[in-house]
Amino acid sequence: MLPFYISVYSAVIACIYFLLPLYLKGSLHFSGGQIGVLYAVLSLNAILVSFPVGVIGDRYPARILTRVGLGATAVSLWGLSRAESFWPFLAVFLAFGLSSQLFRLSLDTLLFKEDQGDAPRRLGHYNAMRMGGMMVGALVGGAAYYWLDFTATLKMFSVGLLLLIAPTVKLPLTRGVRTTLFEYGRDFLAPPVLFFATWLFLFTLHWGAEATSLSLFLEHNLGLSPLGVGSYMAGEFGVVALTAYLYGRFWAGRLKPLTFLALALIFSGAGHIMMTYPVLPWSFACRAVHGFGDGLILMETYTTITRLFHVDRIGGNRFGRHTATPETGEQFGHMRRADFEAQGITRPCRVVDPLTGEPRVGPIESATDHVEFPFGNVRG
């Protein structure tokens, strides 16, 4: 049941996280700065709730948190479909961020507390289903946005989540262990943990800028419809899912972790840069390379967590630092988008053509329109 529920969560997130900017800019006419603030608040939620939720998941059955997260996420999605101005939307979006984080963190707690032998294979299956859910969510969200409208899409996901509360009785029932906060703090300050957290922060800096800008880049620079945007993203998520599965099934332990991470960063970074060239086949192929690198990094992150932390404290430790840390990096990325708009950028940004090495200039219609930021339009 865990892989099924993480795929459901991922489907909702893929729809909201990447397609929402099209709705906010096209239908509600929010500025790029406002969109950046919304997504920064979404990341701030994770920073605020990750440690408390992790500790609660260590002390009590985590599937209770899953039920609460499902119900609250469903209600907040319905609320997002009704909000039409910035401040009400921001308030409901804050509630959505809190509830969706509760849902996801409870599932990851259940995953790490399961004891079913081959950890890399289990983690590979889980993350393959997670990214498969994102693939389905991008396709369904793009199609629904194309043929219906985004408010109907939000309501559709809201009703679907409510129907999934009852089957949570089949989720694993974890045992609770009370751990002092001192023990969590001691784990946090271990040198390998600090190094891991710092590395995650640096890697995830680009996620925020990508979340607010990727769909707009695909729409304005590649000329894709919402259905095309969803299909483009679904292709990348499919590559990440396949990579996670193959890692868990065949590749785990074949190389040292740092060697794997170095290779992953090369693929992720090269694909991330090269996909900004505005020719669809080229951009999609490079995005697939980027997804391959991200899939390797995703799996190395999960397997490292299992090695670093004791199972009785893995909820608070995993989420107190290794959810809050990447979300902090992501928040910086979101706010950079808002900073650019606040500074009133009114001239084109120079982007280096990856094929010729020559700088090229992206078109701009206004200070708040589709600025093409160099290498900042994509997620990790």
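What follows is calculated from the coordinates using simple rules that are stated; it is not laboratory data. Keep in mind that what you see is a predicted model, and the values were worked out from it rather than measured. No Cβ is skipped: glycine too gets one built from the backbone with ideal geometry, and neighbour counts run over all protein chains shown.
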**OP:** Any chance you could list P(r) for the range 74-174, counting all Cα-Cα pairs in 5 angstrom bins from zero, rounded to whole %?
**Re:** 2, 11, 15, 20, 20, 14, 9, 6, 2, 1, 0
Subject >> Rounded to whole Hz, the Karplus (6.51, -1.76, 1.60) HN-Hα couplings of the range 226-241, x for glycine and proline >> reply: x, 5, x, 4, x, 5, 4, 5, 4, x, 5, 4, x, 5, 5, 4
Subject >> Derived scalar couplings ³J(HN,Hα) [the range 91-100; Karplus, 6.51 cos²θ - 1.76 cosθ + 1.60; whole Hz; x for Gly, Pro] >> reply: 5, 5, 5, 4, 5, 4, x, 5, 6, 5
Subject >> Extent along principal axes [Cα atoms of the range 200-261; Å; largest to smallest] >> reply: 42, 26, 12
Subject >> Spacing of the two label points (7 Å from each Cα toward its C-beta) at Leu189 and Arg307, in nm >> reply: 2.5 nm
Subject >> Under the Debye formula (equal points on every Cα, no solvent term), log10 I(q)/I(0) of the range 170-297 at q = 0.09, 0.14, 0.20 Å⁻¹ >> reply: -0.39, -0.79, -1.14
**OP:** For the range 82-122, state the average projected area of the convex hull of the C-alpha atoms over all orientations, rounded to one decimal in nm².
**Re:** 4.0 nm²
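How much length, in nm to one decimal, is gained on full extension between Ile64 and Ile273, taken as 0.36 nm per residue of separation minus their Cα-Cα distance? Please report the intermediate quantities before stating the final value.
Details: separation 209, 0.36 × 209 = 75.24 nm, distance 4.22 nm.
Extra length available between Ile64 and Ile273 comes to 71.0 nm.
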Subject >> Along each principal axis, Cα extent of the range 1-58, largest first, Å >> reply: 42, 26, 11
**OP:** Could you rank the peptides 232-241, 47-56 by their average count of other C-beta atoms within 10 Å per residue, with the highest value first?
**Re:** 232-241, 47-56
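Let a ≥ b ≥ c be the square roots of the eigenvalues of the Cα gyration tensor of the range 1-117; is it rounded (a/c under 1.5), or, if not, prolate (a/b larger than b/c) or oblate?
Numbers: a/c = 2.42, a/b = 2.07, b/c = 1.17.
Prolate.
Sort 27-38, 11-22 for me by packing, meaning the mean count of neighbouring Cβ atoms within 10 Å per residue, highest on top. Don't skip to the answer; put the middle values down first.
On the way: 27-38: 19.2, 11-22: 24.1.
Per-residue Cβ counts within 10 Å, averaged per peptide and sorted highest first, yield 11-22, 27-38.
Answer rounded, prolate or oblate for the range 106-234, using the Cα gyration tensor with square roots of eigenvalues a ≥ b ≥ c: rounded when a/c is under 1.5, else prolate when a/b is larger than b/c, else oblate. Kindly include the intermediate steps, with their values, before the conclusion.
Numbers: a/c = 2.47, a/b = 1.49, b/c = 1.66.
Taking the square roots of the gyration eigenvalues as a ≥ b ≥ c, the range 106-234 is oblate.
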**OP:** For the range 108-164, restrict the atom set to alpha-carbon positions and state the Rg and Dmax in Å.
**Re:** 15.5, 45
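Mind checking the full-extension length gain between Arg121 and Ser27? Use 0.36 nm per residue of separation minus the Cα-Cα distance, one decimal, nm.
Values: separation 94, 0.36 × 94 = 33.84 nm, distance 4.33 nm.
Here the segment from Arg121 to Ser27 would lengthen by 29.5 nm.
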Subject >> Table column - 3J(HN,Hα) (Hz), the range 65-71, Karplus curve with 6.51, -1.76, 1.60, x for Gly and Pro >> reply: 5, 4, 5, 4, x, 4, x
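Let me check I have the definition right: for the range 27-93, take the eigenvalues of the Cα gyration tensor, multiply each by 5, take square roots. What are those semi-axes in whole Å, largest first?
Values: eigenvalues 160, 46, 8 Å².
Semi-axis lengths for the range 27-93 are 28, 15, 6 Å.
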